[in-house]
Amino acid sequence: MSTATLHGVLCPLVTPFENGTVDEESLASLTEWLIDHDIDGVVPCGTTGEFASLSPSEWRTVIEVTTDAADGRVPVVAGVAGTNTERVSEQLEFAASVGADAALLPPPYFHTAPSPKGNLDFFESIADSSPLPIVLYNIPACTGQPIATETVTELANHDAVIGLKDSSGDFDYFLELLRETEDDFSLLEGYDQHFVSGVHAGSNGGINALSNVLPGVFASIRDEAFEGDTERALDIEQSALPQLFGYCLDYGFATVAKVGLVSRGVITSSEVRPPLVSLSDEVRNDIERLVSNVV
């Protein structure tokens, strides 16, 4: 898989639930809808996909349903995660067996590394035998630590490590990685409101939660940004995203995205799993209003 394939807007899919179970039909329909709306790739079982709330069998179901629905039309980057290398390697083997194109891998959580070398060893031990290209996932709010820039630059030399998604919101960190890595290492902005700034600085694009709800808006932002009309791209981004993104930060990306998708008639239920909680009617109504004003 060429790193050039990971370019543009990739969507970290929500995992639709219905009465406590994974809604496979809605997941397949969502994947189809996003492809129809010009999304460049899909990422099942990321943070927005509530991967940490899925059982192992549900995780496998989500990966398989998504790859089947995508049917080779866009890359599928499977979210894998764990605190031991054996479990992560098993996930990688399964994702590869059902046709995923790459994997998104955060550092271990709970017992965080006492030094950058700890995470380097973790990633290298997995990458050495990985059947899939790996995209590193920097999300310190959830893992308790960032992936140090020196760790990223070292891993960028590994044949199996093809890029990084940065959800830290620390744009100085992202700029440093742009300076310190080669052009063939895909750097993807995970902070939705930094998409245009990232492209302007030299990124490959982003993996952005609100693209679940606003794929056409993100496609327009992408097109304007990569064609060099930064001012127009920023106008679209800043008129469409700030309030919705603020709700995502306050209430959770899956929660807000699902409400938006129900309001657009794409999925049938906004159900989330603990520790996420349903929104009040007031907040739900405001999200629905914001979405309808954009689309």
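Based on this model, can you work out whether Val9 counts as part of a strand (DSSP E or B), of a type in the set (A, V, I, L, M, F, W, C), at pLDDT 95 or above and buried (at least 19 other Cβ atoms within 10 Å of the Cβ)? Considered against the rule, which asks whether it is part of a strand (DSSP E or B), of a type in the set (A, V, I, L, M, F, W, C), at pLDDT 95 or above and buried (at least 19 other Cβ atoms within 10 Å of the Cβ), Val9 comes out as yes.
Restricted to segment 85-144, and to residues there that are within 18 Å of the chain's Cα centre (by Cα) and among the polar types (S, T, N, Q), the residue that is nearest to Ser55 (Cα to Cα) is Gln91.
For segment 83-95, state whether one or more residues are surrounded by fewer than 17 Cβ atoms within 10 Å (Cβ to Cβ) and either of a type in the set (Val, Ile, Thr) or within 16 Å of Leu6 (Cβ to Cβ) (or both). There is at least one residue in segment 83-95 that is surrounded by fewer than 17 Cβ atoms within 10 Å (Cβ to Cβ) and either of a type in the set (Val, Ile, Thr) or within 16 Å of Leu6 (Cβ to Cβ) (or both). Within segment 226-241, no residue that is at positive phi sits with its Cβ atom under 8 Å from a residue that is surrounded by 12 or more Cβ atoms within 10 Å (Cβ to Cβ) and modelled with pLDDT of 95 or more at 6+ positions apart or across chains. Kindly evaluate Ser211 against the criterion of being more than 14 Å from the chain's Cα centre (by Cα) and assigned to a helix (DSSP H, G or I). The answer is no for Ser211. Listed by first and then second residue, the pairs linking a residue in segment 271-295 that is over 10 Å from Gly260 (Cα atoms) and free of Cβ contacts under 8 Å to residues at least 40 places away in the same chain to a residue that is crowded, with 18+ Cβ neighbours inside 10 Å and among the polar types (S, T, N, Q), with Cβ atoms under 7 Å apart and 6 or more places separating them unless they lie on different chains, are Leu279/Thr255. Total residues in segment 183-217 satisfying the condition of being farther than 22 Å from Asp229 by Cα and modelled with pLDDT of 95 or more: the figure is 4. Residues that are outside any helix (DSSP H, G or I), within 15 Å of the chain's Cα centre (by Cα) and either aromatic (Phe, Trp, Tyr) or under 23 Å from Gly216 (Cβ atoms) (or both) within segment 48-77 comprise Thr48, Gly49, Val74, Pro75, Val76, Val77, listed in sequence order.
The values are calculated or read from the model by the stated rules, or taken from the named source; none is laboratory data. The shown structure was predicted, so the numbers you read here are calculated from the model rather than taken from an experiment. Methodologically, a virtual Cβ is constructed for each residue, glycine included, from the backbone with ideal geometry; neighbour enumeration extends over all protein chains shown.
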